[in-house]
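Structure record follows, encoded as structure tokens.
The values are calculated or read from the model by the stated rules, or taken from the named source; none is laboratory data. Given the structure is predicted, the values throughout are model-derived calculations rather than measurements. Neighbour counts run over all protein chains shown; Cβ positions are idealised from the backbone, glycine included. Keep in mind that these areas ignore ligands, DNA and RNA; they rest on the heavy atoms of the full protein, side chains included. Shrake-Rupley method; radii C 1.70, N 1.55, O 1.52, S 1.80 Å.
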Amino acid sequence: MSGYDQVPEAARPFLGPTPSGKPVPVKVLRKDRLDWKEKVALIEIFKGMGFTLREMFRPRFTIQFPEEPFPRHPSVKGRPVLAKNPDGSIRCVSCGLCEFVCPARAITIDPGETSDPIQREPRDFQIDMLRCILCGMCEEACPEEAILMSDELLMATDARPKALHHLEDLLVPVEKLQERIDYTKRMYRKWNRPQS
Ligand code: SF4
Ligand code: SF4
């Protein structure tokens, strides 16, 4: 039996011509007449009205933006930011992994040296928010938990240069990002569970 014969008859038209080159006849099912229930349409109208009525008494999921603020949750992927340690040092070691994985080529790092011979930190770190798609891949790639997705979602600006965020615009105290760090650790643990 050929592979063609093993495919169910109804699916054969999708395979194109038969092995002998003949086109497969396609059966078209057409319904020309509506039955009385479809003609009246009242049942569907009442179903729709019942659905609307039920939804009116359910909790609302939309918000009146900008009067109502966005709900904050650590799962939100907002503007990427850089963590600053409590002693004022920058967590980023300029390894360049985030710059490498960024699919939008939004990150540009200018790496610099520190007084510690084995430690580096960025002289400048730029994220072009006109390119950034808030995918979170930079955060996922970072070995230092230095770049994190904040919950800031308001990024509109009236001038292109303002959309280019530099090191000083990106630094945020790590305590403010702790919820996000805990959340990502929890999620990565779940996703990277060894397969049984
Ligand atoms: S969130 Fe995605 S697009 Fe934005 S800087 Fe990070 S990797 Fe690039
Ligand atoms: S933010 Fe993280 S991944 Fe990006 S250069 Fe710094 S340490 Fe490396």
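Out of Asp116, Asp124, Asp128, Asp182, one residue alone is touching a residue at least 60 places away in the same chain (Cβ under 8 Å) and among the charged types (D, E, K, R). It is Asp182.
Quick check: anything in the stretch 86-105 open to solvent by 60 Å² or more (accessible area, probe 1.4 Å), of a type in the set (S, T, N, Q) and more than 22 Å from Glu179 (Cβ to Cβ)? Among the residues of the stretch 86-105, not one is open to solvent by 60 Å² or more (accessible area, probe 1.4 Å), of a type in the set (S, T, N, Q) and more than 22 Å from Glu179 (Cβ to Cβ), which makes the answer no.
Only strands (runs of 3 or more DSSP E) whose full extent lies in the stretch 69-172 are considered here, and the ones with at least 3 residues that are more than 14 Å from ligand 1 (Cβ to nearest atom) and either modelled with pLDDT of 95 or more or farther than 22 Å from Thr184 by Cα (or both) are 107-113, 120-128.
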